[in-house]
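This is the structure I have questions about; it appears just below.
The values are calculated or read from the model by the stated rules, or taken from the named source; none is laboratory data. Remember, predicted model here, so these are calculated numbers, not experimental data. Cβ atoms come from the backbone with ideal geometry, glycine included; neighbour counts cover every protein chain shown.
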């Protein structure tokens with residue numbers, strides 16, 4: 001990881017405002033923590049400042065005029081192998097009768113070359129954070145309190161509004177980045193190909209993950225090639241899971 005974050009006074013935006021639906025109600029403007037949205041003369045809203053992709057504008061819009069921009073199929077094209085890794089939040093979206101393994105099998109059935117369970121990496125990340133805290137407790141002038149680096153919205157909001165707190169964020173790679181990096185290394189070695197031949201997709205409950213892929217804050221580049229929201233993939237994945245479960249039940253009878 002880089003020790004120094006890139007200096008950014010502007011940011012690409014990963015939310016899209018449908019001008020045909022927007023009526024200039026200013027709710028999104030009031031909700032934006034960085035004051036990046038403006039509504040001029042009662043007309044449609046526009047993103048004119050530093051967007052941290054928090055999704056607050058999406059949440060408060062009564063007309064559903066704002067949506068998150070995530071990956072399309074073109075961004076995943078060109079890879080010999082495709083890897084998908086989902087946030088562990090994904091496991092809680094399909095009811096008590098659907099196990100994490102059912103969900104992983106459902107993703108595999110959707111055509112991904114490899115499906116990775118991020119749970120173990122999350123646990124290892126928590127161990128790393130614990131060790132980091134213990135080490136810093138022993139330093140006389142260590143920054144305190146420490147702030148988790150996992151959420152890109154928090155990191156960018158601090159950079160935009162409270163830059164003096166950046167030293168409070170541990171320079172540790174987020175679990176999703178560790179997964180993508182290690183899987184690409186292992187598959188490249190296994191298949192004798194370049195890491196660029198392997199495309200990694202992250203399934204996220206949060207639109208902010210796209211900005212962390214395109215504009216990583218504490219590293220030179222992201223190992224993830226694209227991100228899709230759970231809501232975007234839910235219908236297809238639910239159908240795939242049902243087909244997997246049906247097949248398993250047929251084999252048992």
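State the number of residues belonging to the stretch 120-148 that are more than 13 Å from residue 168 (Cα to Cα) and either surrounded by 14 or more Cβ atoms within 10 Å (Cβ to Cβ) or in contact with a helix residue (DSSP H, G or I) (Cβ under 6 Å, 6 or more places away or on another chain) (or both).
Total meeting the criteria: 4.
Further, regarding this structure: Within the group 241, 203, which residue is assigned by TED's automatic domain parsing to the domain that holds residue 81, in a helix (DSSP H, G or I) and closer than 19 Å to residue 85 by Cα?
None of the other options fit; the residue is 241.
Could you please give the count of residues in the stretch 157-181 that are surrounded by fewer than 17 Cβ atoms within 10 Å (Cβ to Cβ), assigned to a helix (DSSP H, G or I) and free of Cβ contacts under 8 Å to residues at least 12 places away in the same chain?
2
Here's another thing I want to ask about it. Scan the stretch 46-91 residue by residue and report those that are over 30 Å from residue 25 (Cα atoms), modelled with pLDDT under 90 and touching a strand residue (DSSP E or B) at 6+ places or on another chain (Cβ under 6 Å).
75, 76, 79
Restricting to the stretch 92-120, name every residue that is assigned to a helix (DSSP H, G or I), without any contact (Cβ under 8 Å) to a residue 60 or more places away in the chain and either in contact with a strand residue (DSSP E or B) (Cβ under 9 Å, 6 or more places away or on another chain) or within 23 Å of residue 186 (Cα to Cα) (or both).
If the condition is that a residue be assigned to a helix (DSSP H, G or I), without any contact (Cβ under 8 Å) to a residue 60 or more places away in the chain and either in contact with a strand residue (DSSP E or B) (Cβ under 9 Å, 6 or more places away or on another chain) or within 23 Å of residue 186 (Cα to Cα) (or both), then 100, 101, 104, 108, 119, 120 are the ones that fit.
Would you point out the residue of the stretch 214-238, among those that are assigned to a helix (DSSP H, G or I) and free of Cβ contacts under 8 Å to residues at least 60 places away in the same chain, that is surrounded by the most Cβ atoms within 10 Å (Cβ to Cβ)?
Across the stretch 214-238, the extreme among qualifying residues is 233.
While we're looking at this one, here's another question. Of the residues that sit in the stretch 147-176 and are at pLDDT 90 or above and more than 21 Å from the chain's Cα centre (by Cα), which one is nearest to residue 100 (Cα to Cα)?
Among residues in the stretch 147-176 that are at pLDDT 90 or above and more than 21 Å from the chain's Cα centre (by Cα), the one nearest to residue 100 (Cα to Cα) is 168.
A follow-up question, please. Looking at (1) crowded, with 23+ Cβ neighbours inside 10 Å; (2) in contact with a strand residue (DSSP E or B) (Cβ under 8 Å, 6 or more places away or on another chain), can you tell me which one residue 188 breaks?
Failing condition for residue 188: (1).
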